[in-house]
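Every read-out reported here was derived from the displayed coordinates using simple, explicitly stated rules and does not represent laboratory data. Computed from a predicted model, the values in this text were never measured in an experiment. Don't worry about glycine lacking a Cβ; one is built from the backbone with ideal geometry, like all the others, and counts go over all protein chains shown.
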Amino acid sequence: MAETAEAFISATSRGCKLRCVACASEFERAEQDFRCVHCGELLEVFYPSWKTGDSKRAGELRELWLERRKSFHALDQSGVWRFRDLLPAMQDWRNVITLREGNTPIFELPRCAKGAGLRRLTAKHQGMNPTGSFKDTGMTAAISVAREEKFRWVACASTGNTSASMAAYAAQAGLQSLVLIPDGKISWGKLSQALDYGALTCQLRTDFDGCLRLLREVIRRLPVYLLNSVNPYRLEGQKTAAFELLEQLEWQVPDHIIVPGGNLGNSSALGKALVEMRDLGLISRLPKLSVIQAEGANPLVRTVRETGGKSLVTMKPDTMASAIQIGNPASWRKALRVLDVTGGAVEQVTEAEIALAKAEIGSDGIGCEPASAVTLAGLKKLVRQKFVAPEESVVLILTGHVLKDPEYTLKFHRGDLFTGTLYEQETGIFKGHRREPLILDADPDAVVRALEQAEKSSAH
Ligand code: F0G
């Protein structure tokens, strides 16, 4: 690695500290549960040595990050560690575990734009990470710390993606991993990943919130490193998606960024990055960051609407977008702060709206998992409410790959996704979006007839 790059790291990122988001107590180190010893709230990383508004340094950072793209060094090839100047420094950079995460593309969604009534719409696809979700960007940061701090076991409660990601990075790091997942409530794709990467996988008869509660008890008894998004080092890794996005946009700030909300770590991380970029002079203004939840798992929406953000409204969550089936989100305070500082909206969408949005994202040749599709469904609502104007620039953050939950996709196209559920009545809106597979005789005439039929209907 270049001498200059190392010098930069020590000048900008050494000496990060932790601060409680509620009582602002500061700490050099965290307890094993990453909570404030005074008030029990979550901690965040901050960097006392950073100088704000230094435009010369902002320019140097931009140059340095671009320069690293030419390098074959593992740290430079990672879309997370390429931005290491704004991350907690490692004591020994050789302890970094990277699967070359990040580096995710921005795609055009022309059909979705038209459907939403916008001139143009883009998506940053975090599902293009090594294990198929945005979790990898946080996992590389937190697992590297776990390794440096000499833990043997790492653990998480998960709706699926965190467990898949943690298991992969733990395997690479030579660590043991413990996964707690709600029995029957995560997609097979994600469960199979955790198994394949060698995690000790426990399916508990509870929901995600129950798994997380139980895990807090386990870490009180055993020296296990907690890798849920309450771990502030994970969020530091996740925030790099916003650095990368702005770099890809040549530092032109979009008007809106829209993310799904579950445990609310990701919205918190991206918002933190936006504020940091503004403070460091990398961008001149903040985009509005809006958070979308499923109607059946909407604690943040209810917290804002029913208490004005004063206290968390918890609930028993129910949505087919299983990744965000969460009723007691850990990072609610951090997410509220992001909504507040960026002026973003919080909205909810129905199961049918999610399914339709997912099919629309698919029809642009992109695809995503159901939880990611809440972004498009929410955007359509925000356009109708005139919160988003047709000529404004919007980036959806797609959080998971389309192959994470193929069962949902197949059921949608076969027409039985909502059979026997409360949402059966709403499936009228899917007309023209479902594409059932045809079962035909092995006869070229049959295939030619099918093609001609399809051509006729697409002409209408
Ligand atoms: N989208 C996907 C695909 C997810 O897997 C998650 C969360 C979210 C959105 C919500 O992000 O929790 O940061 O607000 N999945 C976690 C898991 C909870 O265990 O994989 P969040």
From the Cα trace of the stretch 233-299, what convex hull volume per residue do you get, rounded to a whole Å³? 82 Å³
Relative to the longest principal axis of the chain, what angle (0 to 90°, nearest 10) does the C-alpha long axis of helix 351-363 take? 90 degrees
For the chain, with +1 on Lys and Arg beta carbons and -1 on Asp and Glu, the positive-most of 115, 174, 21 along the dipole: 21
For the stretch 149-301, alpha-carbon Rg over 2.2 N^0.38 Å: 1.16
Average silhouette area of the chain, convex hull of alpha-carbon atoms, in square nanometres: 23.4 nm²
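If packing is taken as the average number of other Cβ atoms within 10 Å across a peptide's residues, how do 69-81, 303-315 rank, most packed first? Before the final figure, lay out the partial values.
Details: 69-81: 17.5, 303-315: 14.4.
By packing density, highest mean first, the sequence is 69-81, 303-315.
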Put +1 on the Cβ of every Lys and Arg and -1 on every Asp and Glu Cβ in the stretch 338-412; which of 341, 357, 396 then has its Cα farthest towards the positive end of the dipole? 357
Take the alpha-carbon centre of the stretch 68-85, take the same for the stretch 217-242, and report the distance between them in whole Å. 22 Å
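Could you sort 436-446, 223-233 so that the peptide with the highest average Cβ count within 10 Å comes first and the rest follow in order? Present the calculation step by step, with values, prior to reporting the outcome.
Values: 436-446: 8.6, 223-233: 23.9.
Highest to lowest by the protection proxy: 223-233, 436-446.
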Over what distance in Å are the Cα centres of the stretch 407-460 and the stretch 250-317 separated? 36 Å
If one takes the longest principal axis of the Cα atoms in the chain, at what angle in degrees, from 0 to 90 and to the nearest 10, does the Cα axis of helix 55-68 lie? 60 degrees
Excluding residues on the same chain fewer than 8 positions from residue 404, give the aspartates and glutamates whose Cα lies under 14 Å from its Cα. 369
Enter the angle in degrees (range 0 to 90, nearest 10) between the Cα long axis of helix 265-279 and the first principal axis of the Cα atoms of the chain, meaning the one along which they spread out most. 60 degrees
Given the rule -39500 (n - 2.57) for each run of at least 4 DSSP H residues, summed and divided by the residues of the chain, what is its mean residue ellipticity at 222 nm, to the nearest 500 deg cm²/dmol? -13000 deg cm²/dmol
For the stretch 245-381, alpha-carbon Rg and Dmax in angstrom: 14.9, 42
Along the dipole axis of the stretch 36-86 (charges at Cβ: +1 for Lys and Arg, -1 for Asp and Glu; origin at the Cα centre), the most positive-end residue among 64, 53, 83 is 64
Taking a straight Cα-to-Cα line shorter than 22 Å from residue 239, and setting aside same-chain lysines fewer than 8 residues away, one finds 17, 51, 124, 135, 272, 288, 334
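Normalised by the number of residues in the chain, what is the relative contact order in percent for Cα pairs under 8 Å and 6+ residues apart? Numbers along the way, then the final one.
On the way: 912 pairs, mean separation 70.4, N = 460.
RCO, the chain: 15 percent.
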If packing is taken as the mean number of other Cβ atoms within 10 Å per residue, what is the order of 147-160, 92-105, 391-404, 256-269, highest first? 256-269, 391-404, 147-160, 92-105
Counting Lys and Arg as +1 and Asp and Glu as -1, each charge on the Cβ, what is the dipole of the chain about the Cα centre in debye, to the nearest 20? 920 debye
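Using alpha-carbon pairs under 8 Å, 6+ residues apart, how would you state the relative contact order of the stretch 347-422 in percent? Let's see the in-between values first.
Numbers: 66 pairs, mean separation 22.4, N = 76.
Computed over the stretch 347-422, the figure is 29 percent.
Work out the FRET efficiency for residue 22 and residue 436 from their Cβ-Cβ distance, taking R0 = 51 Å, and round it to the nearest 0.05.
On the way: r = 52 Å, r/R0 = 1.01.
After rounding to 0.05, the efficiency reads 0.50.
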What size of dipole, in debye to the nearest 20, comes out for the stretch 121-248 about its Cα centre when the only charges are +1 on Lys and Arg C-beta atoms and -1 on Asp and Glu C-beta atoms? 340 debye
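Residue separation times 0.36 nm, minus the C-alpha to C-alpha distance between residue 192 and residue 221: what's the value?
Using 0.36 nm per residue and subtracting the Cα-Cα distance, I get 7.6 nm.
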